[in-house]
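Below is one structure, written out as structure tokens; comments come after it.
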Amino acid sequence: MDDLSKLNRQERRKARKEGHLDTMAFLKTADKFIDVANRENAHTNATELHLAFLYAAARYNAYVGKAILNVEEHEKFVEEMTKQYQEMLRQHLADDSISAPGQ
């Protein structure tokens, strides 16, 4: 996610058309994945589903690393991605707005 917050509205729109995500677009995109998970959760246990999403994220990130970024140092890329995931997971676990359904 690029920091597009310093751009004016016209520049942000142009950046979005070129495939760049500002904070709002980033969150909307993430929400689409969460919506898919919530729909799947109607007939798949969350304990199974979260592993499927983790597998999909790993698979897609490997594709981006190899085919798009042409990463040569795979282990360094894995470490960077792992650090980002750990930080995101810690932030969400600390978020009091996340609770079990009905709570």
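The values are calculated or read from the model by the stated rules, or taken from the named source; none is laboratory data. Fair warning: this is a prediction, and the values are worked out from it, not measured in the lab. Glycine gets a Cβ as well: all are built from the backbone with ideal geometry, and neighbour counts include every protein chain shown.
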Please indicate, with yes or no, whether at least one residue in segment 63-74 is at pLDDT 95 or above, in contact with a helix residue (DSSP H, G or I) (Cβ under 6 Å, 6 or more places away or on another chain) and not in a helix (DSSP H, G or I).
-> yes
If you take the residues of segment 27-52 that are over 19 Å from His92 (Cα atoms) and among the acidic types (Asp, Glu), which of them is surrounded by the most Cβ atoms within 10 Å (Cβ to Cβ)?
-> Glu40
In the set Asp22, Asp31, Asp3, the lone residue that is at pLDDT 85 or above and among the acidic types (Asp, Glu) is Asp31
Somewhere in segment 19-28, is a residue assigned to a helix (DSSP H, G or I), polar (S, T, N, Q) and farther than 19 Å from Tyr85 by Cα?
-> no
Answer yes or no: is there a residue in segment 53-67 that is more than 17 Å from the chain's Cα centre (by Cα), loosely packed, with under 11 Cβ neighbours inside 10 Å and outside the structural domain of Lys32 (by TED's automatic domain parsing).
-> yes
